[in-house]
Amino acid sequence: MERCEQGAAVYLRRNGQLLVLAQSRASNGLLGGHGKFAKLQIDETDEAIGAALRARLEDRKPGFYHPHMHREKEAFQAVMAEYRKDRGVESDKAFFKGTRIVSVSVYADRIEFRSADNTGPTAPWIEDPPPLQIAPVASDLELGSALRRALDVAKA
């Protein structure tokens, strides 16, 4: 099975705020977020959204230290507290309630957008829609447009 080594996590909040976080394969073997969130509004142009997404996709930190959530619980909680602070929320539960999520994965021959919706009563992992795919050489406009389509799928 092909493994993604880099990507981004995209969160659309109810207030229209769009948060984008870079992801790389971490020291613990998992794909993990790193750095600060890019913060935009959903009504910005597709090109502006695509440029922010591209910047996070190009922010590669393979092998960066990310504590394991069970074996290094204290260090993991500290990392998560920093993410909550950057997102401006008190708890993950409050953040994820009503948030549309798109995971963006970069492969050699494609970029995939996988959608999930946390706004409804059903869990997002029950039925994932098929991923939207674009070429890895896509322009900022194409990246932003694909992300917007994936976010629309997340709310459908």
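General remarks:
- Modelled label positions at Cys4 and Glu82, each set 7 Å beyond Cα in the direction of Cβ, lie 2.3 nm from each other.
- Counting only protein heavy atoms and using a 1.4 Å probe, the accessible area of Lys85 comes to about 150 Å².
- Reach of Lys85 by Cα under 23 Å, taken over lysines that are not fewer than 8 positions away in the same chain: Lys36, Lys39, Lys61, Lys73, Lys93, Lys97
- Excluding ligands, DNA and RNA, the accessible surface per residue across the chain is 56 Å² with a 1.4 Å probe.
- Length gained on full extension, Lys73 to Ala94, computed as 0.36 nm times the residue gap minus the Cα-Cα distance: 5.5 nm.
- Amide H contacts under 5 Å for Leu31: Ala26, restricted to partners 5 or more places along the chain or on a different chain, H placed in the peptide plane at 1.01 Å from N.
- Once C-alpha pairs closer than 8 Å and six or more residues apart are averaged by separation and normalised to the residue number of the chain, the relative contact order reads 26 percent.
- Between Ala26, Ala116, Ala108, the residue with the greatest mean-square fluctuation in the GNM of the chain (Cα pairs under 10 Å linked by springs) is Ala108.
- Under 5 Å between amide hydrogens, built in the peptide plane, is the criterion, and for Gln6 it picks out Val106 among residues at least 5 positions away or on other chains.
- Dipole in debye (nearest 20) - the range 1-136, about Cα centre, beta carbon charges: Lys, Arg +1; Asp, Glu -1: 400
- Helix-only mean residue ellipticity at 222 nm for the chain, each DSSP H run of n ≥ 4 adding -39500 (n - 2.57), per residue, nearest 500: -9500 deg cm²/dmol
- Loop GluC sites (Glu not before Pro), the range 1-62 (other Cβ atoms within 10 Å of the site Cβ: 10 or fewer; DSSP): Glu2
- Only Cα pairs under 8 Å and 6+ residues apart enter the sum, and on that basis the relative contact order of the range 1-79 stands at 30 percent.
- Gaussian network model of the chain, Cα within-10 Å springs - most flexible of Arg13, Arg110, Arg25: Arg110
The values are calculated or read from the model by the stated rules, or taken from the named source; none is laboratory data. These numbers come from a predicted model, not from an experiment. Here the Cβ is made from the backbone with ideal geometry for all residues, glycine too, and neighbour counts use every protein chain on show. The protein model used for the area step is the full one, side chains on, heavy atoms only, and it has no ligands, DNA or RNA in it. Shrake-Rupley method; radii C 1.70, N 1.55, O 1.52, S 1.80 Å.
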